[in-house]
Structure formats: C-alpha cells, structure tokens
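The next block holds one structure in the form of structure tokens; read it before the comments.
Rule-based calculations on the coordinates, nothing more; no lab input. Keep in mind it's a predicted model, so treat the numbers as computed, not measured. In this analysis, Cβ positions are derived from the backbone assuming ideal geometry, glycine residues included, and neighbour counts consider all displayed protein chains.
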Amino acid sequence: MTVETINTPLDTEDEALEPAQSTAKAVLGATVTLVALVVLWELLVREFQIPSWLLPAPSLIGQSMLEWRSELVTHSMVTLYETLVGFALAIAISIPLAVAVVYSPILQNTIYPILLALQSMPKVAIAPLLALWIGFGTLPKIVVVFLVCFFPIIVATTSGLTAVPTPLMELIRSLSASSLQTFVKIRFPTAMPHIFVGLKIAITFAVIGAVIGEFVGSENGLGYLILVSTSQSRTPLAFGSLVLLTVMSIVLYYAIALIERLVVPWAPRN
Amino acid sequence: MLRPSRGKLLFDGTPLLRPTHDVGIVFQEAVLLAWRSVLDNVLLPAEILGLDKKSARARAMALIELVGLAGFERRFPRELSGGMQQRVSLCRALIHNPSVLLMDEPFAALDAMTREELCFELMRIWSADKKTVIFVTHNIAEAILLADRVVAMTPRPGRIARIVNVELARPRTIAMEFTHAFQSYSEEVREVIYRGQAQGAGRA
C-alpha cells in the first residue's frame, strides 16, 4: 500500500461532519446516563444500608481501588500480558492457516470443516484440562486466549479471502495474473476489512479467555484477584478488578479499531 | 474464460485456447479496487502485465483526461459517482492498448441520462482511438446508436437470430434517434427478438 491511500483532509471534511456530530451526541448521552446510574447506585446502597460485602457503593469501590492500586496494577499487567500474547499468537497462526485453506482444496475438504465444527465447542471448558496438561503458570492462560481468538480470526480471514467479486476475478484472469499477484494485489486487500472484523470480535473474547484461565487456577492476574477477594469478602476489590477488566476490554477494542482506520481507511465504518 | 459450447473461438484467425491480453473488459459494475486511487486503478493491468511504468503512467493520465476525469487521479472510488466509476473502468480496460474492447452491459447499472451521456462519450473516445468494440446490451436504441453491426440474439437459448448492419453516418447524434432510418432499424431488431418471447437480448 502506498502513502496516498491515507485520507486527504478534503474527503474527511465533507463526509465526516455529520457522523462526528452524532458520535459526539452519543458519547455525551452515554456519559450522562452512566453518571446518573452510578449516582443512583450510590444513593440506593446508602438508603437501604446494603452491606459492602454484598454490594459496595461506587465510592467504596473507588476508595478500595486507590488503596490497592499497586496490586491492581501488577495483576492487570499479568492479565494484559496473557491477553496480548494469546491474541498475537492467534493472529500469527490463524491468518497463514486461512491462506493455506483458501489455496489448498485438500485442506478445505479435510481440516477446515473440522475447525468449523470445533468452533462450536465452548473453548473455556478446556481450561481445566489445560491446567491438568500444562500446569498453573502463564502458559495455560495464553493457550485459552489463543483458542478463543483463533476461530473468529480464521473464519473472518477465510471468508474475506474468498470475497473478491466474480467480475474482478475474471478481469484478473484475463490478464493472466500469477497467483502471487492475485493474492497481493487483490485477495489480501479485499480480505483486510473482513480480517479486522474478526480481530475486533477476537479481542473482546481474549480478555474473557484470560480471566477464565485465571479462574481455573493461578496466583496472579485480575481473574485471580476477583476470586480471592470474593472468597475473603473483600467485594469492593472484586468490583475494582471488574472495572479494570472492562476498561482493558474497551481500550483494546478501540486500539484495534484505530489500527483498522489507519491500515484500511477504505473499510466501511459503523 | 468459458469454453465455447460449440464450434471454435477464433481471434484474428487463430483459435483462442487461453485468455488473450489483447482485449480490454468493461463489466456491468465498475469493480474498482476501493484501496486504490483512480490512477492506481487504471494502472492495475499495466502492473500485472509488467508494462513500462513511465509510459503506462503517461498513458493512464491521458486516458483519464480523455474520459473527462482530469483532476480526479488521486480520488478514491467511493468519492466518485457511478458514471465516473464506470469511466475509470473504461480507462482500466484501455490502459494496455488492446485491439478489442469487450463491454458487457457496461451502462446497465446507470441512470438513463448518465447512460446516454456515456454512450456519446464512448463514441467520442472510439473516434479518437478506433478499436473493435463488442458491446452487449439489452437496450435496442443503445445498440443501434452505437453499432455498425447489431447481432440480435434470441432469449434462452441465446442463439444469433439476425445480424443488422447499421448504416447511419458518424458522428452519430441524439437527433438521429428520431429519424425514420433509426426507427426502422430498431423495429427490425425488436421484431427478431420478440418473435418468440417477451424478453430479449441484443448485441452490438
């Protein structure tokens, strides 16, 4: 891809004005609603004197997050690491495999149907088995993340690589383009927006996968922290971990969306 | 691309067994590459065929100017109207200077006014650089306006029913559509097509 494909200010100007305004409205609306809900939560907890081990007030959650900040940061880093390594591993394996499946009729008729069938298996249910096979370190968590990310990416990539419009394939064939030329110039760029759809689905699964892995057995990570603090009735800390997990998920999702905008500026936006 | 169902496909007297590079193709849809600018879209066949970059670029710029898109070289397909996209795909079909231009209902997806405009545009481009154009259309008036020879085909099965030679003077004008000669050509073609069924395909 060349530098010229990055949007000129000219074209963002005339079409982005309307959506930008409505996005700003949506963000404002959501923020106001969120603040209102948190305030309501605080008031209800105080009014009915709900014990903090059952449902802590937002203020108490904030307080305990400050109090435990260094632990929260350490455990967040562990979960983030497992998430990112598992996700990267899934990309590194599923995209080349998708290419192989698309180009090899043998793989298409042998491995791919099995992969599709395996997709419906709940991957998180393997987590205990992974603990049995590879212990309680970081690796089994990475493997769970890998498994939950692998399928959405390979499916999206495969469908993207086969999404080239028929007339375009005919045009390319009429020019006797080589397979490599067809792949580099047509197929892969066509697949890119599809791949990013898969990546965005995968990254949200990735955080869940890491937490499930930690639930099954570990000594660190936010999933571990939730488990331990609930068992010790330190519910505010569990909620604090939950807040961080949510923030992590959202930030990762938007990081992928941002990369998508830079890499595939032609992709349809929603 | 497809093997002939019967008979032999000859190209300049020699049988055609594999795709030839000496044709340019325009489809019903422009099928431009969304990630390439107008100029890079036009240059695609030149890249695949490994033509000299400098001269291909110069030719692309000249073609873009010829179809009236000068100044739009750096724009992307999504910034163009349907008619403009189809002009780009015409440039792409002509970039490697093929001797035959295949057009498969190229204007069918456009509105009536753009369609008419592009017909005259095509004739103007053709008069600047005369090639054999095989133009498939369902529009009888379009066929007669553009063609020297209209090959009328029957609907299902698609067989050649009659070849009509159109002897209208060139350059052709919109006024010719209302002449007696034009009307009688049009009736001749229509009669062949509608003899059997209600639907028809025409070829020019």
*What is the gain in length, in nm to one decimal, between residue A:132 and residue A:255 on full extension, counting 0.36 nm per residue of separation less the C-alpha to C-alpha distance?*
40.9 nm
*Consider just the alpha-carbon atoms of the protein assembly as shown and return their Rg together with their Dmax, both in angstrom.*
31.1, 97
*Where the centre of each part is set by its Cα atoms, how far does segment B:74-97 sit from segment A:127-144, in angstrom?*
54 Å
*Calculate how steeply helix B:82-94 sits against the longest principal axis of the alpha-carbon atoms of chain B, using the helix alpha-carbon long axis, and give the answer as 0 to 90 degrees to the nearest 10.*
80 degrees
*Other chains near A:198-204: what is the mean number of their Cβ atoms within 10 Å of each residue's Cβ?*
0
*If the label point is 7 Å along Cα→Cβ of residue A:166, which residues in segment A:103-135 have backbone nitrogen under 15 Å from it?*
none
*Label-point separation (nm) for residue A:73 and residue B:173, each offset 7 Å from Cα along Cα-to-Cβ?*
8.3 nm
_Under 13 Å from the Cα of residue B:53 - aspartates and glutamates, other chains or at least 8 residues apart_ = B:40
_Residue-span extension gain [residue A:81 to residue A:173] - 0.36 nm each, minus C-alpha spacing_ = 28.6 nm
*So, in nm, how far is label residue A:33 from label residue A:46 when the simple model puts each one 7 Å beyond its Cα toward the Cβ?*
2.5 nm
*Whose amide H sits under 5 Å from the amide H of residue B:162, counting only residues 5 or more places off or on another chain, with H placed in the peptide plane?*
B:152
*Any chance you could give the angle, 0 to 90 degrees and rounded to 10, that helix A:9-47 forms with the longest Cα principal axis of chain A?*
20 degrees
*Measure up A:25/A:200; A:141/A:185; A:185/B:54; A:25/A:185 against 30 Å on the Cα-Cα distance and list the ones that go over.*
A:141/A:185; A:25/A:185
*Please state the Cα pair-distance histogram of chain B with 5 angstrom bins from zero: what percent is in each bin?*
1, 7, 14, 17, 19, 16, 12, 8, 4, 1, 0
_CD proxy at 222 nm, helix term only [per DSSP H run n ≥ 4: -39500 (n - 2.57); per residue of the protein assembly as shown; nearest 500]_ = -20000 deg cm²/dmol
*Where does helix A:235-263 land angle-wise versus the long Cα axis of chain A, in degrees 0 to 90, nearest 10?*
20 degrees
*asked:* Placing unit charges on C-beta atoms (Lys and Arg positive, Asp and Glu negative, everything else neutral), compute the dipole magnitude of chain A about its Cα centre in debye, rounded to 20.
replied: 540 debye
*What are the residues whose amide H is under 5 Å from the amide H of residue B:101, where those residues sit 5 or more places off or on another chain and H is modelled from the backbone?*
B:24, B:132, B:133, B:134
_Under Karplus coefficients 6.51, -1.76 and 1.60, residue-wise ³J(HN,Hα) of segment A:99-109 in Hz, glycine/proline x_ = 4, 4, 5, 5, 8, 10, x, 5, 4, 4, 9
